[in-house]
Amino acid sequence: MRILVCGAGGQVGHELINRAGGYGLEALGMTRDYLDITDAEQVANVVGRLNPGLIINAAAYTHVDNAETHREQAYRVNRDGAERLAQAARQASIPLLHISTDYVFSGDARAPYNENDEVEPTGVYGASKLAGEAAIQTVLDEHLILRTSWVYGAHGHNFVKTMLRLGCQRDALSVVADQVGCPTQAGSIADVLLELAQRYAQHGELKWGLYHYSGRSPCTWFDFAVEVFRQAEAKGMLAARPKVSPITTAQYPTPARRPAWSVLDCSKFETTFGIDTRDWHDELSIVLDSLARAAAIVAADAAQHTQA
């Protein structure tokens, strides 16, 4: 089955393209240079021309802080783009799998959020993603919305790669220690979506609706950073670990307010589909190994070029 992947240049989109063949699927990857999901006519034309059996939307306006001053752009992509894809999917009689976020919640809870808990975004990013969920739910019955959290991977910009860069540049740094969530590897999100797409290809149906999926084991950004440096040092990626000091959110003000607690309850997803979540410590090791291999290849190529 052919699947149309929107947002193919992003963290999850990149993994979807790379992994689709392993699930017997043909991925038709679209970056924003080739498909503007906010353009209804363009979306309809692409879907009609490529004739996919399913759409996966990994495209989003994800810059949380910039969204506060670029509200219209955030809503245009995260709400209107999602709606355009749902409309095209309905017209083509195909399903839409869509990625959403933990930022739809206020962060005031202290127990993992389930799919029925009250939503109350604290910023434009979360509000625009929530509006996208609502648009899809209104337009298209055959949809699956997957909320996830703290996404990182070997491709694109993310917390892990930022920490590695800073760890090579500094002897010490401070990281927020009063926001709690669950890091989720982009490759795992891609695997989950592709597994569901494969099941749909084989059986022609899925249990549609809203689900939560994230890495296992809550932590703070401080905890996450400490583990990044511990594993990176053990793998020879850092000469020495920098000293990491915990700070509060108030000590690191940002334009957008992040949820203090965004742990997701993934039991509905696990029970419905029989797919377990993965511990982020193990997943982090996989990503670091991938980054180390990529760095070694670059270094080898540079050395060969120098010798030549």
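The values are calculated or read from the model by the stated rules, or taken from the named source; none is laboratory data. Please read these numbers as outputs of a predicted model, since none were measured by experiment. Cβ coordinates were reconstructed from backbone atoms using ideal geometry, including for glycine residues, and neighbour counts include every protein chain displayed.
So if I check each of Val64, Val43, Val12, which one is within 18 Å of Thr101 (Cβ to Cβ), modelled with pLDDT of 95 or more, touching a helix residue (DSSP H, G or I) at 6+ places or on another chain (Cβ under 9 Å) and not in a loop (DSSP other than H, G, I, E, B)? When all the criteria are applied, what remains is Val12. So if I check each of Asp108, Asp65, Asp80, which one is in contact with a strand residue (DSSP E or B) (Cβ under 8 Å, 6 or more places away or on another chain) and charged (D, E, K, R)? Selected residue: Asp108, the only one of Asp108, Asp65, Asp80 that is in contact with a strand residue (DSSP E or B) (Cβ under 8 Å, 6 or more places away or on another chain) and charged (D, E, K, R).
Is there a residue being of a type in the set (D, E, K, R) and either part of a helix (DSSP H, G or I) or more than 25 Å from Asn116 (Cα to Cα) (or both) anywhere in the range 202-210? Looking for residues that are of a type in the set (D, E, K, R) and either part of a helix (DSSP H, G or I) or more than 25 Å from Asn116 (Cα to Cα) (or both), one finds none in the range 202-210, hence no. Within the range 200-209, if we keep just the residues that are out of contact with any His (no Cβ under 9 Å at 6 or more places or on another chain) and in contact (Cβ under 8 Å) with a residue 40 or more places away in the chain, the residue that is surrounded by the fewest Cβ atoms within 10 Å (Cβ to Cβ) turns out to be Lys207. Only one entry in Arg84, Arg90, Arg49 is at pLDDT 95 or above, assigned to a helix (DSSP H, G or I) and farther than 26 Å from Gly209 by Cβ, namely Arg49.
Identify, please: which residue in the range 138-157 is in a loop (DSSP other than H, G, I, E, B) and surrounded by 18 or more Cβ atoms within 10 Å (Cβ to Cβ) and is, among those, farthest from the chain's Cα centre (by Cα)? The qualifying residue farthest from the chain's Cα centre (by Cα) is Leu140. Checked across the range 120-135, the condition of being farther than 21 Å from Tyr75 by Cβ and either at pLDDT below 95 or acidic (Asp, Glu) (or both) holds for no residue. Do the conditions hold for Arg293, that is, is it of a type in the set (D, E, K, R) and in a loop (DSSP other than H, G, I, E, B)? Spelling it out, it is not the case that Arg293 is of a type in the set (D, E, K, R) and in a loop (DSSP other than H, G, I, E, B).
Only one entry in Asn116, Asn78 is surrounded by fewer than 16 Cβ atoms within 10 Å (Cβ to Cβ), farther than 20 Å from Gln198 by Cα and not acidic (Asp, Glu), namely Asn116. Restricting attention to the range 93-110 and to residues that are part of a loop (DSSP other than H, G, I, E, B) and touching a residue at least 40 places away in the same chain (Cβ under 8 Å), the residue that is farthest from Ser214 (Cα to Cα) turns out to be Ile94. Being in contact with a Pro (Cβ under 6 Å, 6 or more places away or on another chain), modelled with pLDDT of 95 or more and surrounded by 13 or more Cβ atoms within 10 Å (Cβ to Cβ) narrows it down to one of Trp261, Trp280, so name that one. Residue meeting the stated conditions: Trp280. Residue pairs whose Cβ atoms lie under 6 Å apart, sitting 6 or more positions apart in sequence or on different chains, and linking a residue in the range 174-195 that is assigned to a helix (DSSP H, G or I) to a partner that is of a type in the set (Val, Ile, Thr) and modelled with pLDDT of 95 or more, are Ala186/Val12; Ala186/Val151; Ile189/Val12; Ile189/Thr148; Ala190/Val12; Leu193/Ile56. When residues in the range 119-131 are screened for being surrounded by fewer than 21 Cβ atoms within 10 Å (Cβ to Cβ) and hydroxyl-bearing (Ser, Thr, Tyr), 1 of them pass.
Within the range 211-239, the set of residues being surrounded by fewer than 21 Cβ atoms within 10 Å (Cβ to Cβ), part of a loop (DSSP other than H, G, I, E, B) and either touching a residue at least 60 places away in the same chain (Cβ under 8 Å) or under 22 Å from the mean Cα position of the chain (by Cα) (or both) comprises Ser217, Pro218, Met237, Leu238. Residue count for the range 67-81, restricted to those that are in contact with a His (Cβ under 9 Å, 6 or more places away or on another chain) and in a loop (DSSP other than H, G, I, E, B): 1.
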